[in-house]
Each structure stands twice: as C-alpha cells, then as structure tokens.
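Heads up, the thing below is written out as structure tokens.
The values are calculated or read from the model by the stated rules, or taken from the named source; none is laboratory data. None of the values given here were measured: they were computed from a predicted structure. Cβ sites come from the backbone with ideal geometry, for glycine too, and all protein chains shown count toward neighbours.
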C-alpha cells in the first residue's frame, strides 16, 4: 500500500512506533488483581490479637460422674450454661458471678503467633472465656474461623455460632471450626468458651481466631464495650407524647412511642405511674392510633381515643381494677 510518492506506509510505521514508545511497559510478572489466581489475591483475614480473658476457673464433674452407661466428659462441661451469656458485657476489671457464689474478673491478654495461651491447670477440669468486640459500619457478612487445642463454643451476641465439642489431639492446635455471621451496623460481642480436663500429662491450652470480612470495609476489633452513637440509637430513643395528671395529683399518664425493630416498626403504649414514687401502676399496650388522654373528674378512671382505619372509639380504663370498657364506638 503506497500513495503518491510511496510515503504512506513509512508514515504509518512511524506513527505506530511513536504510540508504542508512549505506552509504559507492563512490569514483568505483573497480573491485574482481578485476573490473579484466588490463592495469589490479597488476604483479607484479620487475626484477633487482643482479647479479654475470664478464668480459668474450676468446673468439677458431679459426684459419681464416671458411673452408669454414659460417662461425662469435656463436652458436658462445654454445654453447661453456667452464666447468662446473652446479658454479659465484658470489660477489663469487671467481675462476673460464677457458680457457688464465686467471682472472677476479666483481664486483657494478647495473642502470639499461636493464639492466646491460657494457663493450663492441674487437678480439676477448668473453664475459660475469651471475649472481643466487633464493630461494623454497616450491614456486613463476615467469616469467623476459630482454632483451639481443646473443646470450644463461640457465641455472637449471646447466640451460639459454632461448636467443637470433640477434639482430635489434646494440646495440638488443630481443632478448627468456621462459620459465617450476618451483623447489623453497630458493636457485637464475640464470646468463646473453652474447657480443659487435665490428663496424664500437662499440655498447652490455646485458642486463636481470625475474621474475614471479604473485600471492602473491615470491622473494628476492641476489648471495650464502649461504642459510638449511631442514627439507629437516636431513632430508638422513646418519644413522650401527651401527659395527663389525675385530678387528685396521685397518678400521671403519658404516651410513649418507640422503635421496636430495625425495619422501622414502632409501638405505642400508655404508662400510668404514681406521682409519689414513680412506681408503675398500669400499662396499655398494642393499641395503634391512641390519643386524647383524659382523667375523670373524680375517681381513678382514664379515658382515651382509639382510631383505626377511619373508625374511632372511646375507651375508659379503671386504674384500680385494670378493666377497660368501650363507651362510644
């Protein structure tokens, strides 16, 4: 292909050469991140290095546990609910009440390359708890992997997530379990319970865990229950509506509106309390469209309006007996 004077082909070659010189060469061995094999992509796992530790404290088997058809073992201690896990709020220095009126305090510990080392006891079986807080900035699904030398169970916000009741070899860090957990925005408690039954020889007692949030934002791990105030916290603060004081000044009634679910569902209730000491006298629940609180001139009867689907009624509550009567419908 030549034009007049035979100069077109050389011009094209010169242009291609200039373009190639302007494009920077791709370094040898460089592969775009999304095209790399899965085992070569960036590792998103986060090792949990700082924990709160409670214990270890002795958890003896019942008397005559080795008699009968079924003998008790470590898994029975693991499944024993010796503390209300759903109400625990661990913090450094905070004491927990154990069985038989004993107490133990949480302390902070750090993991090494093989996780947390728990003091291995002699004699009786022992239990230990490890805790860490995980705060996520939005709804997030994370993978939690735990490994221990001894049986363990892991809870998130008081709900069991995984359990390794049977182990392969005591003292060997190869008892591994993993599970995915869906977390709403906010701070969540990850709690691990592990048990140790001494054998003929003393072996290591260790526990380790990693969190994998995948690509994107990562959860914040801490050993303190304190958290930032979120929009959800503000929206969840109950709102006080109408307030009405009884003619004799002994009782006060008021309407409370509050958020009851993450979907935005709200409930409306009426509380009636004593003006003298603030004690709760009566509660009116599960009534939508409630308004117009008004006390009777004498006695302790409270009237209110209820509106639903363009229909209304007036009801009267006798605070002395707790009975309700519809007078207009």
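For the range 150-173, state whether one or more residues are outside any strand (DSSP E or B) and under 19 Å from residue 46 (Cα atoms).
Initially, the range 150-173 is screened for residues outside any strand (DSSP E or B), giving 150-151, 157-158, 165-173.
Narrowing the set further to residues that are under 19 Å from residue 46 (Cα atoms) leaves 173.
Within the range 150-173, one or more residues are outside any strand (DSSP E or B) and under 19 Å from residue 46 (Cα atoms).
Considering each residue of the range 290-309, count those that are surrounded by 13 or more Cβ atoms within 10 Å (Cβ to Cβ) and either part of a strand (DSSP E or B) or within 39 Å of the chain's Cα centre (by Cα) (or both), and give that number.
The first filter runs over the range 290-309 and keeps only residues surrounded by 13 or more Cβ atoms within 10 Å (Cβ to Cβ), leaving 290-296, 299-307.
Now restrict to residues that are either part of a strand (DSSP E or B) or within 39 Å of the chain's Cα centre (by Cα) (or both): 290-295, 301-307.
Total meeting the criteria: 13.
Could you list, ordered by first residue, the pairs with Cβ atoms under 8 Å in which the first is in the range 304-326 and on the phi > 0 side of the Ramachandran plot and the second is assigned to a strand (DSSP E or B), at least 6 apart or interchain?
Pairs that qualify, where the first residue is on the phi > 0 side of the Ramachandran plot and the partner is assigned to a strand (DSSP E or B), are 322/282.
Of (1) loosely packed, with under 15 Cβ neighbours inside 10 Å; (2) touching a residue at least 12 places away in the same chain (Cβ under 8 Å); (3) in a strand (DSSP E or B), residue 255 satisfies all except one. Which?
Tallying (1) loosely packed, with under 15 Cβ neighbours inside 10 Å; (2) touching a residue at least 12 places away in the same chain (Cβ under 8 Å); (3) in a strand (DSSP E or B), residue 255 fails exactly one: (1).
Right, residue 147: surrounded by 14 or more Cβ atoms within 10 Å (Cβ to Cβ) and in a loop (DSSP other than H, G, I, E, B) or not?
Values: surrounded by 14 or more Cβ atoms within 10 Å (Cβ to Cβ): yes; in a loop (DSSP other than H, G, I, E, B): no.
When the stated conditions are applied, residue 147 does not pass them.
Among the residues of the range 71-90, are any out of contact with any helix residue (DSSP H, G or I) (no Cβ under 6 Å at 6 or more places or on another chain), at pLDDT 90 or above and either under 30 Å from residue 161 (Cα atoms) or not in a loop (DSSP other than H, G, I, E, B) (or both)?
Step one: of the range 71-90, the residues out of contact with any helix residue (DSSP H, G or I) (no Cβ under 6 Å at 6 or more places or on another chain) are 71-81, 83-90.
Pick out the ones that are also at pLDDT 90 or above and you get 89-90.
Of the ones still in play, those that are also either under 30 Å from residue 161 (Cα atoms) or not in a loop (DSSP other than H, G, I, E, B) (or both) are 89-90.
Checked the range 71-90: at least one residue is out of contact with any helix residue (DSSP H, G or I) (no Cβ under 6 Å at 6 or more places or on another chain), at pLDDT 90 or above and either under 30 Å from residue 161 (Cα atoms) or not in a loop (DSSP other than H, G, I, E, B) (or both).
Which of the residues that make up the range 96-138 are closer than 26 Å to residue 215 by Cα, at pLDDT 90 or above and in a loop (DSSP other than H, G, I, E, B)? Steps first, answer last, please.
Of the range 96-138, the ones closer than 26 Å to residue 215 by Cα are 111-115, 131-138.
From what's left, at pLDDT 90 or above: 111-115, 131-136.
Residues satisfying the conditions are 111, 113, 114.
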